[in-house]
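Working notes for the structure below.
The numbers here are math on the coordinates, done by the rules we state, and not lab data. Quantities reported herein were computed from a predicted structural model and do not represent experimental measurements. When we count neighbours, we look across all protein chains shown, and the Cβ atoms used for this are built from the backbone with ideal geometry, even at glycine.
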Amino acid sequence: GGFAELDLLGAAGLLDQHERARLADVHHLAQTLLRRQSVDPWNREEFAPDLLAVLADAGLGALQLEGTSALFRGLVHAEVARADLSMSTVLGVHNELVVGVVDALGSPEQRRALLPRLAAMRSLGAFALTEPEHGSDVARGLTTTARRDGTDWVLDGAKRWIGLATVAEFAIVWARDVADGTVRAFVVGTDLPGFAAVPIRNKIGLRIMQNADVTLDGVRVPESSRLPGAVGFGAVNTVLRHSRAWVGWQAVGLQLAALEVARSYVRERQQFGRPLAGFQLVQQSLARMAGNAASSLALMVQVARLQDAGTLEMAHAAMVKATCTAQARETVALGRNLLGGNGMTTDYEMAKLFGDAEAMYTYEGTQEINQLIVGRALTGVSAFV
Ligand code: FAD
């Protein structure tokens with residue numbers, strides 16, 4: 001431990017012995033089996049089943065269901081993000097959005113059928129909310145429709161950016177009931193007739209995590225596929241509150257990775273006859289990066305306390321999402337600069353972190369949308385309408 005080892009400000013010391021030992025295992029696995037191994041698939045923009053197996057074998061598919069502390073779960077997400085943000089996003093979508101939604105909004109039968117397979121990561125789901133024409137305003141604008149037809153529902157519409165839709169067994173599709181305008185959610189098999197997912201190519205970050213354009217053309221599902229707890233947009237928000245906060249942990253991990261890469265580079269690289277590490281302006285950049293990472297971490301430690309106490313509000317989650325991802329964006333920009341020209345190639349890792357930070361800055365509500373949620377809570381005035 002200790003400052004120089006970048007041990008997360010001693011945050012692991014707040015865990016009990018069992019969770020601390022498990023976290024150390026996750027750190028070791030992530031550093032030895034994910035970090036270097038993720039560079040090739042990232043460059044080739046390919047999903048990596050062997051990296052998924054690392055997460056599954058470590059038992060991380062059940063994070064949400066085991067009754068661990070929020071701080072443990074958060075630190076696990078930070079450790080995985082420190083190794084690779086794409087696989088961290090796979091893990092986060094899986095636990096926070098898919099397992100979280102089925103567990104919170106599913107029927108007892110749906111929970112029995114889906115949760116054991118999800119916990120083992122033998123099954124993956126996708127979370128299909130965003131649409132081509134409705135991203136930030138999806139709550140108001142959602143146009144995918146659900147029409148009751150006898151004992152079935154028929155779904156029509158399009159979704160965009162849907163993570164894992166090309167590899168998942170099912171997607172949780174959010175749609176508007178044509179009868180009464182209510183937003184509902186359905187568990188939709190990705191092999192059903194009328195369901196199509198086309199990968200979005202040439203992303204500048206998060207290149208292992210496959211995102212897709214999805215079309216739903218008269219997809220027919222039985223009533224038993226409807227999540228009974230998903231009635232109206234309030235239901236989405238109970239889940240998004242926690243998944244938004246989770247992005248803050250990703251920002252912590254990404255910043256620690258940037259700090260590690262930059263620090264080791266400036267110790268080696270010589271200019272003007274001595275290591276870059278010896279120049280005052282270089283140390284200033286490192287200090288700024290460390291300060292950003294540490295303040296993101298400190299925010300998240302307190303957020304974990306609120307989660308365990310059951311008092312996390314959407315405004316808290318939006319505030320930390322906006323703040324930590326902005327800090328991460330500055331941190332990776334400073335780090336990329338410290339590597340000079342070598343910061344431009346993923347051979348030195350930093351460019352990968354730099355691209356990945358952009359994805360994190362945009363999903364789970366952009367910077368502006370999260371700031372407007374905070375602004376609304378502070379002023380009592382909504383800037384959305
Ligand atoms: P827009 O809403 O068009 O926003 C464009 C710009 O306008 C942004 O800067 C935004 O902040 C700004 N803006 C919009 N409204 C306002 C306003 N009122 N005031 C000020 N500025 C405003 N979605 C899913 O459902 N499932 C997923 O698995 C998923 N994964 C994703 C993975 C990646 C890598 C990315 C990039 C996105 C993913 N998304 C996913 C979608 C993501 O949530 C949306 O991209 C995001 O909400 C922004 O929507 P948009 O892209 O339509 O941008």
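Region 27-67 and region 85-130 have Cα centres separated by 16 Å. The order of the peptides 271-277, 7-13 by mean Cβ neighbours within 10 Å, most packed first, is 7-13, 271-277.
Note on ALA383 and ASP40: the model spin-label points, each 7 Å out from Cα along the C-beta direction, lie 4.7 nm apart.
Defining a contact as two alpha carbons under 8 Å apart and six or more residues distant in sequence, what relative contact order in percent does the chain show? 17 percent. Maximal additional length on extending the GLN17-ASP217 stretch stands at 66.9 nm, based on 0.36 nm per residue less the C-alpha distance. Quick one: check the C-alpha center-to-center distance for region 218-286 versus region 324-370, whole angstrom. Spelled out, the Cα-based centre of one part sits 9 Å from the other. Legend: ranking of residues PHE72, PHE279 from fewest to most surrounding C-beta atoms inside 10 Å; resulting order PHE279, PHE72. Extension gain for the segment ALA315 to ASP177, taken as residue separation times 0.36 nm less the Cα-Cα distance, is 46.8 nm to one decimal.
Classified by the C-alpha gyration tensor, region 234-379 has a prolate form. Its axis ratio a/c, with a ≥ b ≥ c, is 1.5 or above, and a/b is larger than b/c.
Beyond 23 Å, what percent of the Cα pairs of region 144-281 remain? Looking at region 144-281, the distances longer than 23 Å represent 53 percent of pairs. A Gaussian network model of the chain, with springs between Cα atoms under 10 Å, assigns the largest mean-square fluctuation among GLN284, GLN327, GLN371 to GLN284.
What residue among GLU364, GLU66, GLU260 shows peak mean-square fluctuation when the chain is described by a Gaussian network model with Cα springs under 10 Å? Its mean-square fluctuation being the largest, the pick is GLU66. Which residue fluctuates most in the GNM of the chain (Cα springs below 10 Å): THR331, THR130, THR346? Greatest mean-square fluctuation among the candidates belongs to THR346.
Indicate the gyration tensor shape class of the chain (rounded, prolate or oblate), computed on the Cα atoms with a ≥ b ≥ c the square roots of the eigenvalues: a/c under 1.5 is rounded; otherwise a/b larger than b/c is prolate and the rest oblate. Cα axes put the chain in the prolate bin.
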